[in-house]
Amino acid sequence: MSERRAQIAVIDDKRSMRAMLETVLSLTYDVRTFADPREALLALEREPADVVVTDFRLPGLDGLEVLARLRRSAPETPVIVMTAYGTVEQAVRAMREGAFDYIAKPFEPEEMALAIGRALEHRRLQRRASALEREVAGSRGRGELVGSSPAMQRVRALIERVGPLDVTVLVTGRTGTGKELVARALHAASPRREAPFVVVHCAAMPRELLESELFGHVRGAFSGAGAARRGLVGEAQGGTLFLDDVNYLDLDLQAKVNRLVQEREVRPVGGDRWRRVDVRIVAAANVDLLEAVRQGRFREDLYYRLQVVEIALPPLSERPEDIPELVRHFADKHGRRLGRPAVSIEPEALGALAQRSWPGNVRELENAVERALILGDGARLDRAAFALGRAAAPASGGEAIELPYALPYAEAMERVQQQAAARYLRRLLERTAGNVSEAARLAGMARQSLHRLLRRAGIDAVDFRRADTGAAADDR
């Protein structure tokens, strides 16, 4: 992605002043000039600038009125006020009304260039702070990209490869697998990382509100639209726009999103002109979009424009070997927050958790760990803390456990737990090719403890060693 030049708008009724500023500033920035303040305000509603420079005295509207209107329509845009009638009172009033800086005429061009540089740096820091606030506020309740399974290694490799490229990405996966986290990781790996990351929850609001939220609206576009609004696409300017649950868009709105993806243009509700935007688009879907295309519920052209690169997140049931690592991660994360930073997990509890199907995926697992920390006692969490007293549903692809119904309940539960633990230990050794030290590290326990569990389950690690790997003497 080529570096974007900052957009500077100059409002002054004197042609000589407009010409001088355009000549000086256009060496570094993209400059638009306006003689009529009303024309400038309309143009800036359609296409906001990064910094606005306005004269204090203008025909029809003075600089303070221009400042007030800009503060309503684009409060994040720094405004520099200049005037030939510089007094302390005017400067104080302009700053009190929200001006970023105040420059008295006549001034040296370098003085204006320095003021614009300060304004741009202020806006960059403001955007960065807002992005960090959104990231912190939105981090709780989402599963992190934790796990060393082959499936998660492939996901991370794709993020590293695609993140720095300015291409559209489609993230697919079931609910709770961490699609938004992948989108945030793509943003963090991109040259846009210091610009906003804006989330659009397509399933969270009705269509008539979503269009206005997404594309903005002009003043008077509908009842209650007392002021223009730039919309979420405008807020993402220079950054990343994440369209979550994009499959919930209706067909009419999909046509406008298609124009956004293809042309990087939007038209506000009630507006009569398209305006250019500079955003990277990441979309997510929790259904098969290609099947939705076949059923006529999703536009084929939009599907292929979104699917330049697809990152498919596996459900937790397809990567059970990641569960112990995820459990320890969430225990550490929420333990610090709850004042219990040293909590550990009993190996038997980890084994039982790894056997559950987790239909809510990583989100459900995180909730289970947080709940266990709140309700559990002591420094170690056991099966009871996770409410694992009854048999867990077998993970996808796991064999069903057959038991005689005449067994007493307690004995049946013990048998279920033993068989589930044995299956977990076998998977662990399969993954590490019989390396007990590595298996103990992944399971979060001492090697001696794992040896004890293997003896109890009647499992010999030697049976899982491949001929070409060998094993260290202390691993026997």
(request) Work from the charge dipole of segment 221-329 (Cβ charges, +1 for Lys and Arg, -1 for Asp and Glu, about the Cα centre) and give the residue of Ala284, Leu306, Ala255 farthest towards its positive end. (result) Ala255
(message) Give me the tail of P(r) for segment 297-349 as a percent: Cα-Cα pairs with distance above 14 Å.
(response) 69 percent
(message) If the reach is capped at under 14 angstrom between alpha carbons, list the aspartates and glutamates near Lys333, excluding any in the same chain fewer than eight residues apart.
(response) Glu144, Glu325, Glu366, Glu370
(message) Taking just the alpha carbons, could you work out the radius of gyration and Dmax for segment 141-314, both in angstroms?
(response) 16.2, 54
(request) Go through 430-437, 295-302, 166-173 and give me the packing order, highest mean Cβ count within 10 Å leading. (result) 166-173, 430-437, 295-302
(message) Using a 7 Å offset from the Cα along the Cα-to-Cβ direction at both Arg380 and Ala189, what is the distance between the two label points in nm, to one decimal?
(response) 3.9 nm
(request) Please give, to one decimal in nm, the separation of the simple spin-label points placed at His451 and Ala433, each 7 Å out from Cα toward the Cβ. (result) 2.2 nm
(request) Please turn the phi angles of segment 150-161 into ³J(HN,Hα) values with the Karplus equation 6.51 cos²θ - 1.76 cosθ + 1.60 (θ = phi - 60°), one per residue in order, whole Hz, x for glycine and proline. (result) x, 5, 6, 4, 5, 4, 5, 5, 5, 4, 5, 7
(request) Would you mind getting me the FRET efficiency between Arg156 and Met95? Use the beta-carbon distance for r and R0 = 51 Å, nearest 0.05. (result) 0.60
(request) Would you kindly state how much longer the chain becomes between Arg276 and Asn367 on full extension, computed as 0.36 nm times their sequence separation minus their alpha carbon distance, in nm to one decimal? (result) 28.6 nm
(request) Let me know the volume per residue of the alpha-carbon convex hull for segment 260-340, in Å³. (result) 199 Å³
(message) Placing unit charges on C-beta atoms (Lys and Arg positive, Asp and Glu negative, everything else neutral), compute the dipole magnitude of segment 141-314 about its Cα centre in debye, rounded to 20.
(response) 300 debye
(message) How much of the pair distance distribution for segment 7-129 lies past 19 Å, counting alpha-carbon pairs only, in percent?
(response) 41 percent
(message) If I take every Cα pair under 8 Å that is 6 or more residues apart in segment 141-314, average their sequence separation and divide by the length, what percent do I get for the relative contact order?
(response) 31 percent
(request) Note down the relative contact order for segment 7-129 as a percent, whole number, built from C-alpha pairs under 8 angstrom at least six residues apart. (result) 22 percent
(message) Cut-off under 22 Å on the C-alpha distance; same-chain residues fewer than 8 positions from Lys14 excluded. Which lysines are left, in chain and number order?
(response) Lys105
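Any read-out appearing in this document is the output of simple, stated calculations on the displayed coordinates, not a laboratory observation. Just so it is clear, the structure is predicted and the values come from calculations on it, not from any experiment. Ideal geometry is used to build each Cβ from the backbone, glycine not excepted, and the neighbour counts take in all protein chains shown.
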